[in-house]
Amino acid sequence: MTTFEVRTFGCQMNKHDSERVAGLLRTQGFLPAEEGTDADVIVFLTCCVRENADERLQGQVASLKALKAVAPDTLIAVGGCIGQRDGEILLRQLPHVDVVFGTHNLGRLPELLIRARTSDVPVVEVLDSGTDFTSDLPGEREHPWHAWVPITVGCDNFCTYCIVPYVRGRERSREMDDIVAQCRDLVADGVREITLLGQNVNSYGRDLYGEPRFAETLRAVAATGIDRIRFATSHPKDLSNETIAAMAELPSVCAALHLPVQSGSNRILEAMNRRYTAEEYLALVKRLYAAIPGLALSTDIIVGFPGETEEDFEATMHVVRESRYAQAFTFIYSPREGTPAALMDNPVPREVTQKRFDRLVKAVNEGAREYNKPLVGTVQKVLVEGTSKRDVRVLAGRTQGNKVVHAPAPNGVDISQLAGKFADIRIEESQTWFLVGTVEGYEPT
Ligand code: SAH
Ligand code: SF4
Ligand code: F3S
């Protein structure tokens with residue numbers, strides 16, 4: 001019996017891929033290692049979008065040297081975006097890695113592991129492009145009620161700071177019929193919430209059908225009877241009126257939208273190759289709020305892009321205040337070798353970036369509190385996920401706006417029975433990162 005463990009970094013695409021790795025290995029007779037025990041096979045699905053993600057892998061793999069000393073048969077496999085980027089070169093820094101694979105050949109992992117077992121040298125296989133969607137491989141969902149469904153892979157946008165197009169390849173859409181058929185199967189299998197995935201879901205279908213067909217896809221997925229639909233990510237330049245209308249009309253599509261702005265300065269947006277202006281972005285935000293009441297808008301922002309001045313940063317702060325984000329992910333610019341921005345002049349000094357970053361985080365937190373406040377007193381439909389991290393007697397779930405809600409378990413109810421069910425929760429208190437309430441009703445367990 002061989003046991004395995006998958007360690008995942010990075011975005012939702014990697015989370016989805018890690019479910020495929022677990023499913024694949026299980027069909028090959030591998031078993032998940034029990035918690036607290038050392039697995040025979042350790043698979044890393046890696047991320048290199050920023051330097052700190054890169055460093056995390058180095059640290060984790062380096063620390064496995066000790067395990068290899070006592071259990072030399074342990075196999076270490078590194079895949080995902082670092083595997084794709086580095087291939088063979090990875091072995092120079094991490095010679096005790098046994099298998100390197102990329103983002104296009106996930107399905108080959110079991111075979112590569114078998115080869116590595118009998119090979120004296122590490123096995124490296126990285127392909128330039130792929131033809132299969134990982135969703136077509138057997139999968140093992142982390143939560144039975146939630147599924148990731150990729151609709152596109154790769155990216156054609158080439159934002160100048162971003163490594164993703166280089167490690168995930170050109171954008172490819174999946175046939176709409178395949179997507180809908182998979183969603184139908186998931187509903188039959190008890191899934192309540194589906195997250196449609198793509199680096200830019202709004203351009204879905206352009207390569208296959210000559211024009212984007214995302215709005216239509218939303219409608220087709222909604223028609224499967226799934227309770228909740230989320231999707232990520234939306235590039236502002238491609239968010240169509242049809243998509244906004246579909247979001248507004250379809251009750252199963254959550255009133256939540258991740259719309260990365262990256263910067264509020266037109267000069268920086270141009271240097272980033274984002275292809276919209278701050279004015280266009282804010283006009284879009286206005287249309288969204290008008291069409292979708294209670295919309296939870298979220299974003300990504302980069303601070304300290306080369307040449308960013310105080311004025312540029314102030315423009316970003318302006319967009320943050322105007323957009324009233326329910327949530328924002330803030331990043332310090334990290335030069336990625338091979339991207340155009342890595343060659344740009346005028347790096348912003350670290351201390352300046354840090355100060356701006358701190359100011360931005362404060363504004364973002366303020367925005368999150370503002371979004372949460374009016375929810376107090378309302379009853380929210382919450383999809384229960386399990387117990388809160390701090391207290392096993394408290395349940396945790398999410399509103400359709402993707403806000404975490406904590407509530408004491410109803411008397412005599414086992415929270416594990418409620419996981420994957422919808423509960424009506426009256427919100428009584430709002431914090432920056434979560435809401436607290438009381439359960440008023442729930443689906444039969
Ligand atoms: N396709 C998505 C997400 C890509 S990566 C999109 O277009 O929004 C997630 C986020 O990481 C990006 O939105 C960006 O804010 C951030 N990011 C990407 N490259 C970065 C870099 N080199 N330095 C800092 N942040 C970066
Ligand atoms: Fe990267 Fe831009 Fe593509 Fe997003 S849209 S993955 S930020 S290149
Ligand atoms: Fe990271 Fe690759 Fe996703 S670089 S953000 S895991 S596409």
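The values are calculated or read from the model by the stated rules, or taken from the named source; none is laboratory data. The structure presented is a predicted model; accordingly, all values stated were derived computationally and were not measured. Backbone-built Cβ (ideal geometry, glycine too); neighbour counts: all protein chains shown. Just the protein is used for accessible areas: all its heavy atoms, side chains included, with ligands, DNA and RNA removed. Shrake-Rupley method; radii C 1.70, N 1.55, O 1.52, S 1.80 Å.
Of note:
- Of all positions in the range 69-79, at least one carries a residue that is touching a residue at least 12 places away in the same chain (Cβ under 8 Å), within 15 Å of ligand 3 (Cβ to nearest atom) and surrounded by 21 or more Cβ atoms within 10 Å (Cβ to Cβ).
- Pair list, Cβ < 6 Å and 6+ apart or interchain, from the range 45-61 residues that are under 16 Å from Val164 (Cβ atoms) to residues that are open to solvent by 20 Å² or more (accessible area, probe 1.4 Å) and more than 11 Å from ligand 3 (Cβ to nearest atom): none
- Taken together, the residues in the range 257-283 that are under 23 Å from the mean Cα position of the chain (by Cα) and in a helix (DSSP H, G or I) amount to 2.
- Any hit, the range 50-62, residues being open to solvent by 40 Å² or more (accessible area, probe 1.4 Å), in the same structural domain as Leu109 (by TED's automatic domain parsing) and modelled with pLDDT of 95 or more: yes
- Number of residues in the range 322-345 that are in contact with a helix residue (DSSP H, G or I) (Cβ under 7 Å, 6 or more places away or on another chain), farther than 18 Å from Thr233 by Cβ and part of a helix (DSSP H, G or I): the value is 1.
- Of all residues in the range 249-276, those that are open to solvent by 40 Å² or more (accessible area, probe 1.4 Å) have Cβ atoms under 6 Å from Cβ atoms of residues that are in a loop (DSSP other than H, G, I, E, B) and within 12 Å of ligand 1 (Cβ to nearest atom), 6 or more apart or on another chain, in Asn273/Cys159; Asn273/Thr160.
- Given (1) away from ligand 2 (no atom under 16 Å from the Cβ); (2) farther than 26 Å from His146 by Cα, number of the condition Leu269 does not satisfy: (1)
Okay, residues lined up against (1) out of contact with any Gly (no Cβ under 6 Å at 6 or more places or on another chain); (2) of a type in the set (D, E, K, R); (3) surrounded by 14 or more Cβ atoms within 10 Å (Cβ to Cβ):
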residue	(1), (2), (3)
Thr378	yes, no, no
Val413	yes, no, yes
Gln417	yes, no, no
Lys421	yes, yes, yes
Leu435	yes, no, yes
Glu440	yes, yes, no
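- Candidate set from the range 316-343 (those that are open to solvent by 30 Å² or more (accessible area, probe 1.4 Å) and away from ligand 1 (no atom under 14 Å from the Cβ)); member that is nearest to Tyr371 (Cα to Cα): Arg324
- Residues satisfying the criterion are present in the range 234-246 (criterion: in a loop (DSSP other than H, G, I, E, B) and within 16 Å of ligand 3 (Cβ to nearest atom)).
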